[in-house]
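> Okay, handing you the structure first.
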Amino acid sequence: MKNLKTLSVLFIATMVMSCGETKKESKEAMESAEEQMEEVVDEVMEMPTIVSVASGDERFTTLVTAVDAAGLVETLNGEGPFTVFAPTNDAFGKLPEGTVNTLLEPENKEKLGGILTYHVVSGSYNAASVIEAIQGNDGTFEVETVNGGKLTLSLRDGSVLLTDANGGTATVILADVMAANGIIHAIDSVVMPKS
């Protein structure tokens, strides 16, 4: 529909110019067409935020529920940019039975927030820049997470591996999911900060 609108505007502007309008009127018609085209391009280029992207993907329903319970929706919808190492539903499923339900209880909001922000890094880092940083630092690269903890990134069998403060690991299974305020990399396990 937007493309049709753009084409229609351009067609009308072209017709106006070819029907003998004065240069001034032709210029005004073209400027109007260009402005409308810019508006359409801006609308098409508008991307959803990290939370919106995750909400639209069935693999992240547990993460989205946890982000909401921890009161982090506004933060992760913020300007950023952020790089989120996002555990999938299967990753949360690897936690001991009852862990997720316990973390979602209101009295555990702070602990849940600490775990979730341990998966977030300030800045926007695509897979290529992460791999470059790892290779440029003798095979490992340490990043500081939003909660102040550290994650060590390395490569294993061509995939990025995260090692948490407790020695637990997670592998990036889907990289470079773009959002308006950053990038999501899906991981196969939940990483845990030092408690």
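The values are calculated or read from the model by the stated rules, or taken from the named source; none is laboratory data. Bear in mind that the values here come from a model prediction, so they are computed numbers and not experimental data. Please note: Cβ atoms are built from the backbone with ideal geometry, for glycine as well, and neighbour counts cover all protein chains shown. What goes into the accessible areas is simple: the full protein's heavy atoms, side chains included, and nothing from ligands, DNA or RNA. Shrake-Rupley method; radii C 1.70, N 1.55, O 1.52, S 1.80 Å.
> For region 111-136, name all the residues that are within 20 Å of the chain's Cα centre (by Cα), free of Cβ contacts under 8 Å to residues at least 40 places away in the same chain and not in a helix (DSSP H, G or I).
Val121
> Could you please let me know if Val146 is of a type in the set (A, V, I, L, M, F, W, C), surrounded by 14 or more Cβ atoms within 10 Å (Cβ to Cβ), touching a Ser or Thr at 6+ places or on another chain (Cβ under 9 Å) and not in a helix (DSSP H, G or I)?
Yes.
> Checking the condition under 24 Å from Val73 (Cβ atoms) and not polar (S, T, N, Q), which residue from Asp138, Asp176, Asp157 passes? Steps first, please.
Values: Asp138 fails: under 24 Å from Val73 (Cβ atoms); Asp157 fails: under 24 Å from Val73 (Cβ atoms).
Of the residues listed, the single one that is under 24 Å from Val73 (Cβ atoms) and not polar (S, T, N, Q) is Asp176.
> Ok, one more. Looking only at region 54-110, filter to residues that are open to solvent by 30 Å² or more (accessible area, probe 1.4 Å), among the aliphatic types (A, V, I, L, M) and not in a loop (DSSP other than H, G, I, E, B); which one of those is nearest to Ser122 (Cα to Cα)?
Val73
> Another one. Looking at region 118-143, which of its residues are surrounded by 19 or more Cβ atoms within 10 Å (Cβ to Cβ) and of a type outside the set (A, V, I, L, M)?
Across region 118-143, the qualifying residues are Tyr118, His119, Tyr125, Phe141.
> Another question, then. With the requirement that a residue be closer than 12 Å to Gln135 by Cα and surrounded by 15 or more Cβ atoms within 10 Å (Cβ to Cβ), what does region 150-166 give you?
Those that are closer than 12 Å to Gln135 by Cα and surrounded by 15 or more Cβ atoms within 10 Å (Cβ to Cβ): Leu153, Ser154, Leu155, Val160.
> Additional query: For region 173-184, which positions are surrounded by fewer than 22 Cβ atoms within 10 Å (Cβ to Cβ) and either closer than 14 Å to Arg59 by Cβ or not polar (S, T, N, Q) (or both)?
Matches in region 173-184: Ile173, Leu174, Ala175, Asp176, Val177, Met178, Ala180.
> Looking at (1) under 22 Å from Val100 (Cα atoms); (2) not in a loop (DSSP other than H, G, I, E, B); (3) not hydrophobic (A, V, I, L, M, F, W, C), find the lone condition where Asn166 falls short.
Only one criterion is unmet by Asn166, namely (2).
> Can you tell me which residue within region 137-183, out of those that are among the charged types (D, E, K, R) and within 18 Å of Ala127 (Cβ to Cβ), is nearest to the chain's Cα centre (by Cα)? Steps first, please.
Filtering region 137-183 down to residues among the charged types (D, E, K, R) leaves 138, 142, 144, 150, 156-157, 164, 176.
Narrowing the set further to residues that are within 18 Å of Ala127 (Cβ to Cβ) leaves 142, 156-157, 176.
On the way: Glu142: 20, Arg156: 23, Asp157: 25, Asp176: 8 Å.
Ranking the qualifying residues of region 137-183, first place goes to Asp176.
> I'd like the residue in region 39-53 that is within 17 Å of Ile183 (Cβ to Cβ) and part of a helix (DSSP H, G or I) and, out of all such residues, is modelled with the lowest pLDDT.
Met45
> Mind checking which residues of region 79-114 are of a type in the set (Ser, Thr, Tyr) and in contact with an Asp or Glu (Cβ under 8 Å, 6 or more places away or on another chain)?
Of all residues in region 79-114, those of a type in the set (Ser, Thr, Tyr) come to 83, 88, 99, 102.
Thr88, the sole residue that qualifies.
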